[in-house]
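Accompanying notes for the structure given below.
The values are calculated or read from the model by the stated rules, or taken from the named source; none is laboratory data. Note that the structure is predicted; figures quoted are calculated from it, not measured. Cβ atoms come from the backbone with ideal geometry, glycine included; neighbour counts cover every protein chain shown. These accessible areas exclude ligands, DNA and RNA; they are computed on the full protein's heavy atoms, side chains included. Shrake-Rupley method; radii C 1.70, N 1.55, O 1.52, S 1.80 Å.
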Amino acid sequence: MKTSLLPRLAFGLVVGLVLIYLMLPVLIIVPMSFSSTRFLTFPPPALSLRWYAEYFGSPNWMQGTRMSLMLGVLTVLIATPLGTAAAYAISNAQNRLMRSLHMVLMLPLIVPIIIVAIGIFFVYAKLGLIQTLTGLVLANVMLGLPYVITSVVAGLQSFDKTQEMVARSLGMNRLRAFLTVTLPQIKASVFAGAVFAFISAIDETIIALFVSGGQYQTLTKRMFTALRDEIDPTIASISTLLTAASFLLVLLAMSGQKKEA
């Protein structure tokens, strides 16, 4: 009994240490965002909402926030139906071509993001898409598709495909059968994919550094520029808000998948 307990305790200790290591940056940034001083200090000498007020009262920060939110919404509206359609095709196909297509669509998660950003920059420079909303949306749709496809493929694997076959045998065409029978049963997986695509779009920095600018400058690029020029505690408050928003969205997606299961 004691012998079997020791490995569990050791495993739990290792997992706990890994989680603390991963969470340590967040645990430091959050208190720093409430600091009353002009400089980033930990622990903060006094607590204040000064830097949150600075963020919400700044036209430049608000412009970047609106841009990032718009980018996230547009990415979701495009990547979710495209990714769902691709996942449906991949899940129902048995040939090598579709498996190869699946691998190609997963490349944005495999290839280092800096290489993807450089490639996008050179293509956009020839097409005139630098510092345009269209260019930003297309780049983030490419990055968001793998999340949608992965989530929806997982949902389709647990779905009984014979239900859709029965609907089609009763006279429904394939699209109507999918929308009526399949989609309602995998909606949590679709929603989870959309959430991760949205988070990917609002958090993306590297590609934004290459292709965004002017009135189409995202919040993350403004944060990077601000850090390069001066260490502003406002960055800590924005980071805290982005982390909290991402955490809540992930919890929402996970709760939806649990209900579906």
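Brief remarks follow.
- Within segment 50-82, if we keep just the residues that are touching a residue at least 40 places away in the same chain (Cβ under 8 Å) and aromatic (Phe, Trp, Tyr), the residue that is surrounded by the fewest Cβ atoms within 10 Å (Cβ to Cβ) turns out to be Tyr52.
- Listing of helices (runs of 4 or more DSSP H) fully contained in segment 81-195 that carry 3 or more residues being within 30 Å of Lys221 (Cβ to Cβ) and of a type outside the set (Phe, Trp, Tyr): 107-110, 113-127, 133-157
- Filter pass, Ala89 being surrounded by fewer than 15 Cβ atoms within 10 Å (Cβ to Cβ) and of a type in the set (Gly, Ala, Ser): yes
- Selection from segment 19-49 of residues that are farther than 18 Å from Leu227 by Cα, touching a residue at least 12 places away in the same chain (Cβ under 8 Å) and open to solvent by 100 Å² or more (accessible area, probe 1.4 Å): Leu47, Leu49
- Only a single criterion out of (1) under 24 Å from the mean Cα position of the chain (by Cα); (2) modelled with pLDDT of 85 or more; (3) open to solvent by 60 Å² or more (accessible area, probe 1.4 Å) is not satisfied by Leu101, namely (2).
- Residues located in segment 160-182, provided they are closer than 18 Å to Ala89 by Cβ and surrounded by fewer than 16 Cβ atoms within 10 Å (Cβ to Cβ): Lys161, Met165, Arg168, Asn173, Arg174, Leu175, Arg176, Leu179
- Out of Thr205, Thr243, Thr182, Thr220, one residue alone is within 28 Å of Leu107 (Cβ to Cβ), at pLDDT below 80 and of a type in the set (S, T, N, Q). It is Thr182.
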